[in-house]
Amino acid sequence: MTLTDVIDVLEVAYPPARAESWDAVGLVCGDPAQPVSRVLFAVDPVAVVAEEALDWGADLIVTHHPLYLRGTTSVAATTPKGRLVHTLIKHDVALYTAHTNADVANPGVSDALARAVGLVGDLVPLQPFADDPWRGLGRIGDLPRETTLGEFAARAAAGLPQTSWGIRVAGDESRRVARVAVSGGAGDSLLSTARAAGVDVFLTADLRHHPASEFVEAGGPALIDAAHWATEWPWLDSAASILGSSGVNVETRVSATVTDAWTRGY
Ligand SMILES: [Zn+2]
């Protein structure tokens, strides 16, 4: 198999044309003609993930987050990102990114998150595309039965990979919840959309004090804030399965290395 064979599968599942205009998705380094037999999936293109790829003998790393999001004029090994590029190219390891195009795909990042925290039944986008009601940002789904915010929070925490500070809840823990919106990664921008959707709770990451406080003061929905890395990690399995069942003959592995920015809570 070549890198092109693998990319062809990924770009059917996650069309690059659906990425946000500010995003940088696709091949970061690697030769399209190079052979690929092992593919490592990870959230972040960071040194510890590159090490993992080298240890395992991966030929390709597929990450959710881009390495370079803004223009750069140098990949010299004088910066962490430049050093990463050097490490990868020296060892013939390609790097490919599916970011906002994976967020909006079906199934995408928020589908995997929704299932990880226990949502069942059909999932619909929280913010669907105008031209496609089955694709878009975030997902809305239902719990198997109505429960309390506190119980759902415990269920969500258990379903997500462990990070240094777990999850945080804003709202009355005895509040009844059944309909849930989720959005992998930083979901600040979807707060008012979640309210308009009439869900009982919105689970996302990277929420800030003022928007969260004002949102809950105004009646909600309740909020659950999880670690950014943890909300996107469940997607890796989904992406690896899509590649694994595509007929492209490669070995896949999902990195379990926690690369959330926050490494310890006190
Ligand atoms: Zn993210």
Taking Leu27 as meeting all but one of (1) within 14 Å of the ligand (Cβ to nearest atom); (2) out of contact with any His (no Cβ under 9 Å at 6 or more places or on another chain); (3) aliphatic (A, V, I, L, M); (4) touching a residue at least 60 places away in the same chain (Cβ under 8 Å), write down the number of the exception.
(1)
Please work out which residue is farthest from the chain's Cα centre (by Cα), limiting yourself to region 33-60 and to residues that are open to solvent by less than 20 Å² (accessible area, probe 1.4 Å) and away from the ligand (no atom under 16 Å from the Cβ).
Val36
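Touching a residue at least 40 places away in the same chain (Cβ under 8 Å), surrounded by 13 or more Cβ atoms within 10 Å (Cβ to Cβ), more than 24 Å from the chain's Cα centre (by Cα) and away from the ligand (no atom under 16 Å from the Cβ): is that true of Val169 in this structure?
Values: touching a residue at least 40 places away in the same chain (Cβ under 8 Å): yes; surrounded by 13 or more Cβ atoms within 10 Å (Cβ to Cβ): yes; more than 24 Å from the chain's Cα centre (by Cα): no; away from the ligand (no atom under 16 Å from the Cβ): yes.
For Val169, the condition - touching a residue at least 40 places away in the same chain (Cβ under 8 Å), surrounded by 13 or more Cβ atoms within 10 Å (Cβ to Cβ), more than 24 Å from the chain's Cα centre (by Cα) and away from the ligand (no atom under 16 Å from the Cβ) - is not met.
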Taking only region 194-214 into account, find how many residues are within 16 Å of the ligand (Cβ to nearest atom) and either more than 26 Å from Arg145 (Cα to Cα) or β-branched (Val, Ile, Thr) (or both).
4
Does region 215-227 contain any residue that is more than 16 Å from the ligand (Cβ to nearest atom), more than 21 Å from the chain's Cα centre (by Cα), under 18 Å from Ala114 (Cβ atoms) and not aromatic (Phe, Trp, Tyr)?
yes
Does at least one position in region 122-139 carry a residue that is more than 17 Å from the chain's Cα centre (by Cα), part of a helix (DSSP H, G or I) and surrounded by fewer than 16 Cβ atoms within 10 Å (Cβ to Cβ)?
no
Is there a residue in region 257-265 that is more than 16 Å from the ligand (Cβ to nearest atom) and either among the hydrophobic types (A, V, I, L, M, F, W, C) or open to solvent by 60 Å² or more (accessible area, probe 1.4 Å) (or both)?
yes
Selection status of Ala98, within 16 Å of the ligand (Cβ to nearest atom), under 29 Å from Val6 (Cα atoms) and buried (at least 23 other Cβ atoms within 10 Å of the Cβ):
yes
Restricting the search to region 220-247, which residues are at positive phi and open to solvent by 50 Å² or more (accessible area, probe 1.4 Å)?
Gly247
Those strands (runs of 3 or more DSSP E) completely within region 7-104 that have 1 or more residues that are charged (D, E, K, R) are 38-42
Hey, among the residues in region 172-193 that are within 16 Å of the ligand (Cβ to nearest atom) and out of contact with any Phe, Trp or Tyr (no Cβ under 8 Å at 6 or more places or on another chain), which one's farthest from His228 (Cα to Cα)?
Ser189
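Within the group Thr148, Thr231, which residue is polar (S, T, N, Q) and either within 30 Å of Thr2 (Cα to Cα) or within 16 Å of the ligand (Cβ to nearest atom) (or both)?
Criteria check complete, one pass: Thr231.
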Out of (1) open to solvent by 20 Å² or more (accessible area, probe 1.4 Å); (2) closer than 22 Å to Asp260 by Cα, the odd one out for Gly82 is which?
(1)
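The values are calculated or read from the model by the stated rules, or taken from the named source; none is laboratory data. Here the structure is a predicted model, which means the values were calculated and not measured. Quick reminder, even Gly has a Cβ in these numbers, built from the backbone with ideal geometry, and neighbours come from all protein chains shown. The area values use the complete protein model at the heavy-atom level, side chains included, leaving out ligands, DNA and RNA. Shrake-Rupley method; radii C 1.70, N 1.55, O 1.52, S 1.80 Å.
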